[in-house]
Structure formats: structure tokens, C-alpha cells
Amino acid sequence: MPLLAVQGLTKLFGRLVAVDHVDLAIEAGEVVGLIGPNGAGKSTLVNLISGFEPPSEGAVAFAGRPLDALGAPAIARLGLARTFQIAQPFRAMTVRQNVAVPALFRAAPVPSVRAALREADHLLESVGLGPKAALPAGALTTPDLRRLELAKVDAAMALLREVNARGIALLVIEHVLRAVMGLSSRVVVLHHGRKIAEGPPARVTADPAVIEAYLGPGPASR
């Protein structure tokens, strides 16, 4: 049984089909890249999986448990969480407090606020934010906000590998194909909401259908 099982996932916004009957399975400890041109449905798919949007059709299960009736907070407590393209911290809280909060509310929370703050310090050091732990999150630069988002669970591919080495499976949306090639064991490609390719990065990025989706009609045949 895969860690994450997505079957026939579909999302309609009026007559617009944003995600069209997508199937996806991710094994424990696997790193899967999710790619596609702008408007392909990548963010919507992640929103559906993580409970930020309800599906129009289809089902999602995590560790064998159906997620249909659960919202994003409950899903996150099970260990399935997402980061955001636009960082959204608690801006009035310190950087350290921002990282401590998730440690207190996950499925297996730390035993005390003091323990949560110690864990936050360790995570902030790992992403290079240790010296800024006492700053308000709202004072961080955009790159540091991205680092903060990762500490709350991409400052660099090496950091994602480090997270994965702890046994955490990752579904990574990435527009830079070189990054996907170096990070993912498998790549899934969306186009107009449909899955058009899936497999090892080198094979998928050489697929004529994938090349055409990114570059338009003609380049693949030429």
C-alpha cells in the first residue's frame, strides 16, 4: 500500500476543469517531482491532496486512511503537510515562535513549550536562521521567509535531501527542470489538469508530449 494514494482526483471551477481525473501514488520515503507549464493544475492538485480545497470527484488516502471528510488542519496532524509558494508566517510572532507552533500541534506533539522552542532552535540552525530567531517574522526578507517555511516542517536542494533522508516522502513542485532531475526519483507531468507523463526524470523530460507542453506545438517533432 502506498503512503499516499490519489485516485481519479478532479476539481471543477464552474466549467473550468482544473484537475482532470488524476491518479498518483507515492511510497514512503520517495521524492516525486510535480512539473508542468503555468496553469497546468499543479497547485490545485496539491490543495486537493492537503485538504485546502474539496475535490469535485475522486479520493485521497494517506497511510491507508481516507481523507475525504477531513480538513487541512486534521490532515496536517496526520503528517501530510504542505508549504506555500508565497510564505505566510505569523508575522507578529518571532521566527522562533513560528517554528515552535507546529511542534505543539502535530500528531505527536512535543511535551512542553520549552521542548518546542528547543526543537525550533535546532531547525532554525539547520536552515541558517539561527541568528534571526528573535526577530519578528514580518521583518524577514523573501529568501528568509522561504527558509522559515521549510523550518516549520527551499533554501537549497541539499536541505530537501536532508529532510528526505529522515524518511519523509516529498511531493515537490518545481519549475526548474534541472532541479527536478537532481532531486526526484520520479516525475509526474500535468498539462491542462491531466497527467500526461510519469516516470524517471530523464525519460519524462525527453518525452515529446512533455516538450510540446512546455514549448508549444512543433519543437518535439523538430
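The values are calculated or read from the model by the stated rules, or taken from the named source; none is laboratory data. None of the values given here were measured: they were computed from a predicted structure. Backbone-built Cβ (ideal geometry, glycine too); neighbour counts: all protein chains shown.
Before we move on, is ARG82 among the basic types (Lys, Arg) and over 30 Å from ASP207 (Cα atoms)? Against the criterion (among the basic types (Lys, Arg) and over 30 Å from ASP207 (Cα atoms)), ARG82 does not qualify.
Name the residue that is modelled with the lowest pLDDT, counting only residues in the stretch 187-216 that are part of a loop (DSSP other than H, G, I, E, B) and of a type in the set (Gly, Ala, Ser). Step through it out loud before you land on a result.
Applying the first criterion (part of a loop (DSSP other than H, G, I, E, B)) to the stretch 187-216 yields 192-193, 200, 206-207, 216.
Next, only the ones that are of a type in the set (Gly, Ala, Ser) stay: 193, 206, 216.
Details: GLY193: 96, ALA206: 90, GLY216: 76.
Result: GLY216.
Exactly one condition in (1) assigned to a loop (DSSP other than H, G, I, E, B); (2) on the phi > 0 side of the Ramachandran plot is false for GLY8; which is it? Condition not satisfied by GLY8: (1). Picking from residues in the stretch 135-165 that are within 16 Å of the chain's Cα centre (by Cα) and outside any helix (DSSP H, G or I), the one that is modelled with the lowest pLDDT is ALA155.
Would the stretch 167-176 turn up any residue that is at pLDDT 85 or above, within 16 Å of VAL22 (Cα to Cα) and not in a loop (DSSP other than H, G, I, E, B)? Yes: one or more hits.
Of all the criteria given as (1) surrounded by 14 or more Cβ atoms within 10 Å (Cβ to Cβ); (2) at pLDDT below 90, the one not satisfied by MET93 is (2). Of the listed requirements (1) within 13 Å of HIS192 (Cα to Cα); (2) surrounded by fewer than 18 Cβ atoms within 10 Å (Cβ to Cβ); (3) not aliphatic (A, V, I, L, M), GLY41 misses just one: (2). May I ask you to verify whether THR83 is in contact with a Lys or Arg (Cβ under 6 Å, 6 or more places away or on another chain), within 27 Å of ASN164 (Cβ to Cβ) and outside any strand (DSSP E or B)? In short, no.
Entry remark, the stretch 197-212: residues being in contact with a Gly (Cβ under 8 Å, 6 or more places away or on another chain) and surrounded by fewer than 17 Cβ atoms within 10 Å (Cβ to Cβ) number 1 in total. Screening LYS132 on (1) modelled with pLDDT of 85 or more; (2) touching a Ser or Thr at 6+ places or on another chain (Cβ under 7 Å) shows it passes everything except condition (2).
Here ARG194 meets the list (1) out of contact with any Pro (no Cβ under 7 Å at 6 or more places or on another chain); (2) on the phi < 0 side of the Ramachandran plot; (3) surrounded by 17 or more Cβ atoms within 10 Å (Cβ to Cβ) almost entirely, failing just condition (3).
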